[in-house]
1. Hey, can you tell me all the residues within region 129-153 that are part of a helix (DSSP H, G or I) and either hydrophobic (A, V, I, L, M, F, W, C) or not assigned by TED's automatic domain parsing to the domain that holds Asn111 (or both)?
2. Scanning for something β-branched (Val, Ile, Thr) and under 16 Å from Val62 (Cα atoms), does region 133-151 turn up at least one residue?
3. Which numbered condition trips up Leu66, out of (1) closer than 20 Å to Lys34 by Cβ; (2) out of contact with any helix residue (DSSP H, G or I) (no Cβ under 8 Å at 6 or more places or on another chain); (3) among the aliphatic types (A, V, I, L, M)?
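The values are calculated or read from the model by the stated rules, or taken from the named source; none is laboratory data. For clarity, every value in this text was computed on a predicted model and none was experimentally measured. As a convention, Cβ positions derive from the backbone with ideal geometry for all residues, glycine included, and neighbour counts pool all protein chains shown.
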Amino acid sequence: MKTKKLKFSTLLFSALLVASLFGFTQSSNAQSVKPVTVQSKKDFNGTIDAIKKAVSGGGMMVLAELNQGKVLSMTGLQVNGHAFFVGNPNVGKEAFSADPSVGLVVPVRINVYEKDGKTYVNYFKPSDLFASFNDKKVKMIGDKLDGKLGMMMKMISK
C-alpha cells in the first residue's frame, strides 16, 4: 500500500510540475506579444467612424462592439475607449475548420482609446496570436490578417 501511495504521490508531483512549467511557458509567450499601436490623425469619434469604414473596405465586418468608456463610467472613471471585434465569417470558417480552439483569439480585437488628448488604435498581430496553434492553415490566416489590419491602420493614420 505504501508503494502505491508513493507512486501516486510521485506521479501527482510530476504532473503538477509539468503543468506548472507548461503554464509558465504559455504565460511567458503571451508576455512577449506586443501590441501594434497607431496614432490616429482624427479625433476619437472620427477614428471610430474610420475604423468602421476601414473594416468594411477591407472585406471584413464588425461582429461586435464594446463601448468601454460607457461601461467604465459606471465606476466613476471617465475615459474614451471602444473595442471592435472584427472578422470575416468565411475566413473564420477556414480557421475553425482547421482548429476549433482558435475561438480563443478570433474574432480579432481592435482597441481605440484616447490618451493625453490624442487618439490611438491598437491590436495584437493575428500572426503572433495564431502562432501558438500548431496548424499551418491557421498560421497562414494569421499572416493574411496581419496584412489586412496593416492596411486598415494606414487608412486610419492618414
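1. Just the residues of region 129-153 that are part of a helix (DSSP H, G or I), to begin with: 129-130, 136-153.
The answer is Leu129, Phe130, Val138, Met140, Ile141, Leu145, Leu149, Met151, Met152, Met153.
2. no
3. (1)
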